[in-house]
Structure formats: C-alpha cells, structure tokens
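What follows is one structure encoded as structure tokens, with my remarks underneath.
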Amino acid sequence: MAETRVPKVPPPGEAVRSASPEPERGSGFSRRQFLRGSAAAGAAGAGLLPGFLKAAEAQDEPGVAGPGPVDMAFSINGEAYVATLEPRVTLLDALRNHLDLTGAKKVCDRGTCGACTVLMNGQPVYACSVLAIEAQGAEVTTVEGLGSPENMHPIQQAFVDNDGQQCGFCTPGFVVASAALLARHANPDQDTVHKELGGNLCRCGTYAGVRAAVAQVGGGTNA
Ligand code: FES
Ligand code: FES
C-alpha cells in the first residue's frame, strides 16, 4: 500500500512532500467532495490532479469498495493526504501506519480506553472505531494539529504545567478530548468534566492532574 501527503495549499514553488508515487486504483471519495475542497489546489500543485480525478470518477460509479485497496483522500490538521488502503483499515491504523501521524495511541483497539481520540469535524471520536474510508470528507484533527512544542494549545500547556501525565500513553487522547470539552464548555463544572472525559481511561491514575489541567484553562471551578 502506498500513501502520499501534500500541503493543502502549497506555497508557489515549494517542494511537495511525497512518500511515494500516487497510485491509480479505485476510489473512496466523491468527486464533488474533492472539487469542493481546497485539496484540489494541493493536488494540482503537486501534479496529482489526474490521479485524484481518475479516482473520483471511479467513486461516482455504482459499486462496492474493496476488499482490495482503494484510493482515499483525507483532510487532516489542515493538510490534504491521499493513501491507498483496504476499506477495512481503521482511521487509527491509517494515521499511525500510513500517514506518519502517531500522536493518537493504539491501546485497546476496541473503543474502550480513549487513547486514540481524534476530532472529526470538531467532535471527539475513537479513531480505532472509525474506518478510514468513512473519515473522508471530514476535517480530522489529531493531537499534532492542536499545537506544536513551540506553540502549544492552552490545554497542552496546561497538561505540562499540572503534570497531567505519567507514562503518557493516554495523554494525547485526554488532550484532544479536553480540547473538545473546552470548546463546548468554556468553564465546565465538575460533573461536566467527569461526563465529557468519561470515555478516556488512564491506567496510571493521573486523573487529578488531568482535572487540574482542564481547570487551568476552564476557569478553575472543576478541579
Ligand atoms: S485504542 Fe481506541 S478506544 Fe482504546
Ligand atoms: S499517564 Fe499512563 S496511562 Fe495515563
């Protein structure tokens, strides 16, 4: 299987990041979705537009995707990605094994721990429980997309400030879930925090630090 990542809107003259040549097989995304999105600009800039359009035309034809690999296109952290994957591949495996985005962690792989939490159109989801092919057309945000070490999201900084991690394996999921929580509730009370983060488990028991981090950003009423 092969995958390619291109800047969503590559600056003029800038080299395009490419892991491998663009494959040309069936499709997993709609031509209409593709043409509506700014991924078209990135694909055109990378010289990938013919391959995208061929895949999009195949998608418009009636039929069932798979079981073999099909072309897929994603919008992740504001960038366009393409990959050729079997339809059975989860979003988590696509991110970690094919798109070099390893922030979301694979722990239970069955929708119980929250270590793999990412946002789809702003809503937290377990990436291990979403098929990659279903994530096409959505804006996916991983922990890498929230901030950088040089410019952290406030909740990322708050986890650092409050020792909201021990082994750290659950931390990316908690950070993403906390960012979603704070986007919905600027100043969440304790019950809201417990409810909204109830789908994330920490085997090290760092819950006090997590709550303190959320309190630091959310006004300090929930710790
Ligand atoms: S790895 Fe997805 S919920 Fe545990
Ligand atoms: S910090 Fe180790 S599982 Fe949460």
Unmet requirement for CYS167, which otherwise passes all of (1) among the hydrophobic types (A, V, I, L, M, F, W, C); (2) within 10 Å of ligand 2 (Cβ to nearest atom); (3) modelled with pLDDT under 95:
(3)
Cβ contacts < 9 Å: first residue in the same structural domain as ALA208 (by TED's automatic domain parsing), restricted to the stretch 181-192; second residue small (Gly, Ala, Ser) and exposed (fewer than 13 other Cβ atoms within 10 Å of the Cβ), any location; separation 6+ or different chain. Result?
ALA183/GLY122; ARG184/GLY122; ASN187/GLY220
Would you be able to tell me the number of residues in the stretch 59-112 that are assigned by TED's automatic domain parsing to the domain that holds THR171, buried (at least 19 other Cβ atoms within 10 Å of the Cβ), assigned to a loop (DSSP other than H, G, I, E, B) and touching a residue at least 60 places away in the same chain (Cβ under 8 Å)?
4
Only one of GLN216, GLN123 is touching a residue at least 40 places away in the same chain (Cβ under 8 Å), more than 22 Å from the chain's Cα centre (by Cα) and more than 16 Å from ligand 2 (Cβ to nearest atom). Can you tell me which?
GLN216
Residues in the stretch 113-135 that are within 17 Å of ALA180 (Cα to Cα) and either in contact with a Leu (Cβ under 9 Å, 6 or more places away or on another chain) or part of a strand (DSSP E or B) (or both): how many?
13
Would you please name the residue that is surrounded by the most Cβ atoms within 10 Å (Cβ to Cβ), looking only at residues in the stretch 167-182 that are over 13 Å from VAL214 (Cα atoms) and within 13 Å of ligand 1 (Cβ to nearest atom)?
GLY173
Picking from VAL175, VAL140, which residue would you name as being in contact (Cβ under 8 Å) with a residue 24 or more places away in the chain, outside any loop (DSSP other than H, G, I, E, B) and either touching a helix residue (DSSP H, G or I) at 6+ places or on another chain (Cβ under 6 Å) or outside the structural domain of ALA94 (by TED's automatic domain parsing) (or both)?
VAL175
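The values are calculated or read from the model by the stated rules, or taken from the named source; none is laboratory data. Worth saying up front: this structure is predicted, and the values here are computed from it rather than measured. Cβ: placed from backbone, ideal geometry, glycine included. Neighbour counts: every protein chain shown.
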